[in-house]
Structures are given as structure tokens and as C-alpha cells.
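Every read-out reported here was derived from the displayed coordinates using simple, explicitly stated rules and does not represent laboratory data. Given the structure is predicted, the values throughout are model-derived calculations rather than measurements. Glycine gets a Cβ as well: all are built from the backbone with ideal geometry, and neighbour counts include every protein chain shown.
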Amino acid sequence: MHAGARMNFGPLSRFTGTPPVLGFGAWAVGGSGWGSSGQNDAVAREAAVRHAADRGITWFDTAPTYGNGASEMLLGRVLRERREAIAIATKVGPRDDPRTSLEASLRRLGSEYVDLLQLHEALPGWEAQLEQLHELQERGKARAIGLCNATHLQIQRATEIAPIVTYQGAYNLFDRDAEEREIPTCQQQGLGFLAYRPLASGLLSGKYSASPPTFVPGDHRSAIYWFKGAEFARRQQVIERLRPVAQRAGLTLAALALAWVYSRPGVNIVLAGARTVEQVDQNLRGATRLEPDIVRSIDAIVAAQFVPARATPTAHAAAATWGERERFIVARLDGRMRYETIAAEWTDRGDKPMIAAQVKVFVDRLAEQGFIV
Ligand SMILES: NC(=O)c1ccc[n+]([C@@H]2O[C@H](COP(=O)([O-])OP(=O)(O)OC[C@H]3O[C@@H](n4cnc5c(N)ncnc54)[C@H](OP(=O)(O)O)[C@@H]3O)[C@@H](O)[C@H]2O)c1
């Protein structure tokens, strides 16, 4: 048995289990925010969804915002005939009225219900929204409810408000904040953990060359920090070192990255995005458990590249006049503490959350100013 993975999601159980499930992330097939959305592209996206279902994928994750409803419409059109054999998970935006939002989603999906209704983000007022999600569940519009993008404190609180069964958060071999608090909280509370962006938005497929990619206007990846500057260079070095590991495991890089997530304790569903039939096929090869020595090799390569920084005595002195968050981070830059741990300790205070990416970006700025040993 997979340590820590939950076996029973109530009504979702026939779609989940042990080992974890490779699900289809339907953001990119929404057609906007992900590069080209021309006619050829639309045909390829529809084919990708159909192929995923033909190849036995039964879990599809979407949201009203993906392609401004186009992702839900596409899933509705393609999956309608096999609706009962498929789980569709959609979301309610953090500023949206849950009932109105779900009704519109159901119209686009051409379905009477969704299998899982998730609150997309826990912003102020999220508790009242979650109560409404529960009401929609009681009315039979959602078979189960869950939460995305929340802190462990919010996840714990959510379990007292409504019978949530899942939490969805970012998780890949680079972005590991979830390991600190959210995955253990899910394990303690018996919630399913759904890992999103398992390929770091495609970066982990290894298809980008030495220089950072340029995306077409409107592509959300232009704003992602790991497609730029120092972080892109660091990740690219790791990816080059992962190539022989992938070869040893007999997998493509994309499949290796997905299999890494698939192999981690506490992961129930790996949500892999794909825009083409070929990507679906490659990603399905990632639905496999890696040998422990392969996981150790991957982790060692990542750890060797992301060595925690040590702040200089001058940085400690200068930080006395900086903001609270900056002082908090500098005080912990001892050359040992992981950035994920620093961010989690800040988040434990129950105020605004922090993620490791923010620590990294700040440390890069400190390094430019000579504040890092
Ligand atoms: N709850 C949330 O806030 C949240 C946030 C993000 C994502 N999600 C969910 O999680 C799902 C997965 O995340 P994601 O789609 O953002 O990122 P991802 O799964 O890490 O990356 C998906 C993208 O990578 C590229 N790709 C996929 N397979 C590939 C392969 N074999 N070879 C080369 N390139 C490949 C494709 O884009 P290109 O072809 O354009 O490179 C694809 O759209 C989403 O679809 C969504 O359902 C949820």
C-alpha cells in the first residue's frame, strides 16, 4: 500500500484508489492563456481530450476560468456519452457566487452534476463560500467538495466547516511547498491530495533550450518566474542532469517528472495538462512508480542545485531596518534551512502565506547586492 495515500473518497472512490490516478488537467485545452488558439490547435485540443478518455483516463479537472468556459464546454461535448464513467472536477472562483457559477458550469458541461466542486482559492470570505459549496452538494449538484490553494491552517479549518474530501495544490520536483504542511495535513485529515502543475507548466518536459522561452502575448507562462532569469538557469541545469536518470529509468523526461510526483507519499491524483494526443500518450507513461534509487537520484540532483543560502553579517545588520517578512527570511538564511521550511514557518503564523518561490526571488536580490556568502 502507498504510504499515506487515502483509499476512500466517499462518492469519488470508484475513480480513485491505490496506486494514485493520473488525471487530465484541462486548463490548456481551454485554448487561451496557453499560446496559439487557432483552428488547428482547437482540433488538436479536442483530439487530446477524446484520446485521454479512450486511453482510460477517467479524471478530468477543469474550471470556469479555463478558456473562459471553453474547457468546460469541450469536456461536456467530448465526454457526454461516457459521463457516468468519468469524474469531472470543476471549481468556483474565489470572488464568484457558488450557485451562479456552478449553474453556468453545469450548462457548459451539459451535465446535471459535477463529481467534485472545488473552491479555487481561499481568499477572505472563503468560509461562507465553502458553506455554499456544501449546500450545492446537499442539493445533488456536486457529488463531493474540495479546496484549492489554501494554507494548512485553512485546510484544517475547512474540515470543521464542511465535509471536504480533497485539497488541490501545486507539486512537482521543483515546487515542493506542499510537502511541508499541506500534504501532511491531508494525510492527517484523510483528504485526497491532487497535485497540479506536475510538469512545472511544461518546463519539465525538457523541451526548452538553454535560453528562457518567449511566449506569445497573453500566454500566462510569460509571468511565471521559473521561465525567466536565474531560476530558469537553475532549473535548466537540473533538467540536463535529469536526462541520464530518465534514460536509466527508460522514460522520457516528462514521464520521469510525472512518475516522480506519482511516487511521492500522500499523492492521490496527478493532474497532468496536455494539449495534444502525443502529450497524452507520453504523460500516460508517467503513471508508474519509480524505483527508490531513481527517486533518490532525482532528489539529490535537485538538492545539489538548490543549496540554501547563507546571509552575510552585513545582511543581518542591514535587515534590522527592513520589513518584517524580509527580517524573518534573513534571520533563517543559515546555509541549511530549506526555503520551503522558511516559507512554511512564516505561514504557520496565520497571517499572509508565503511560498518558497518568494524566498528564492528575495535571495536572488540579496545575492545581487552581495548579501549572500
Ligand atoms: N487549482 C489551481 O489553481 C490550478 C493551477 C494550475 C493548474 N491546475 C490544474 O492542474 C492541471 C495541470 O497543470 P498545468 O496544466 O498548469 O501544468 P502542467 O501539467 O505542469 O503542464 C502542462 C503543459 O505542459 C506541456 N506538456 C504537457 N505534456 C507534455 C509533454 N509530454 N511534452 C512536452 N510538453 C508537454 C503542455 O503545454 P505546451 O504544449 O504549451 O508546452 C501542457 O499544457 C491544469 O490543467 C489544471 O487542471 C490547477
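As an equivalent ellipsoid, the stretch 10-300 spans semi-axes of 29, 22, 18 angstrom, where each value is the square root of five times an eigenvalue of the C-alpha gyration tensor, largest first.
Return the FRET efficiency for the residue pair Ala303, Lys352: r is the Cβ-Cβ distance, R0 is 35 Å, and the value is rounded to the nearest 0.05. Efficiency for this residue pair is about 0.80. A Förster distance of 30 Å, applied to the separation of the beta-carbon atoms of Asp54 and Arg14, puts the FRET efficiency at 0.95.
Using Cα pairs under 8 angstrom and six or more residues apart, how large is the relative contact order of the stretch 214-373, in percent? Mind showing how you got there, number by number?
On the way: 139 pairs, mean separation 27.9, N = 160.
In percent, rounded to a whole number, it is 17.
Note on the stretch 81-151 and the stretch 191-253: Cα centroid distance 30 Å, given to the nearest whole angstrom. Angle check, please: helix 253-263 long axis (alpha carbons) against the longest principal axis of the chain (alpha carbons), in degrees 0 to 90, nearest 10. The helix 253-263 is inclined about 80 degrees to the chain.
Across the chain, how many lysine pairs separated by 8 or more positions, or lying on different chains, have Cα atoms within less than 20 Å? Could you put the intermediate results ahead of the total?
Values: Lys91/Lys141; Lys207/Lys228; Lys228/Lys360; Lys352/Lys360.
Lysine pairs, 8 or more places apart or on different chains, close enough: 4.
Between the C-alpha center of the stretch 305-359 and that of the stretch 260-279 there is a gap of 31 Å. For the stretch 147-225, chymotrypsin sites (Phe, Trp or Tyr not before Pro) are listed when DSSP marks them as loop and at most 16 other Cβ atoms sit within 10 Å of their Cβ; the list is Tyr208, Phe215.
If a/c stays under 1.5 just call it rounded; otherwise compare a/b with b/c (prolate if a/b is bigger, oblate if not). Do that for the stretch 250-373, with a ≥ b ≥ c from the square roots of the Cα gyration tensor eigenvalues. Prolate, since a/c reaches 1.5 and a/b exceeds b/c.
Distance between the 7 Å Cα→Cβ label points at Glu131 and Glu368: 4.6 nm. Relative to the dominant Cα principal axis of the chain, helix 292-305 is inclined by about 50°.
In what sequence, highest mean first, do 235-242, 149-156, 260-267 appear when ranked by Cβ atoms within 10 angstrom? Before the final figure, lay out each step's value.
On the way: 235-242: 18.1, 149-156: 20.5, 260-267: 22.6.
Top to bottom by mean Cβ count within 10 Å: 260-267, 149-156, 235-242.
Compute the relative contact order of the stretch 313-368 as a whole-number percentage, counting only Cα pairs closer than 8 Å that sit 6 or more residues apart in sequence. If you can, show how the numbers build up before the last one.
Numbers: 32 pairs, mean separation 13.2, N = 56.
After rounding, I find 23 percent.
Only beta bridges with both residues in the chain are counted; by DSSP, about 5 percent of them are antiparallel. Across the stretch 5-151, Cα pairs under 8 Å and at least six residues apart give a relative contact order of 21 percent. Take each peptide in 8-14, 115-121, count the other Cβ atoms within 10 Å of every residue, and average; sorted highest first, the result is 115-121, 8-14. With respect to the chain, whose longest principal axis is taken over its alpha-carbon atoms, helix 356-368 is tilted by about 30°. Highest-first packing order for the peptide set 85-91, 138-144 is 85-91, 138-144, based on the mean count of other beta carbon atoms within 10 Å.
Per the Cauchy relation, a quarter of the hull surface: what is the mean projected area of the convex hull of the alpha carbons in the stretch 1-134, in nm²? Spell out each step's value before the answer.
Working: hull surface 36.4 nm².
Seen from a random direction, the Cα hull of the stretch 1-134 projects 9.1 nm² on average.
With springs only between Cα atoms under 10 Å, which of Asp96, Asp351, Asp41 fluctuates most in a Gaussian network model of the chain? Top of the fluctuation ranking is Asp351. Using 1/(1 + (r/R0)^6) with R0 = 41 angstrom and r between the beta carbons of Arg107 and Tyr208, what's the FRET efficiency to the nearest 0.05? That pair, Arg107 with Tyr208, gives E of 0.60.
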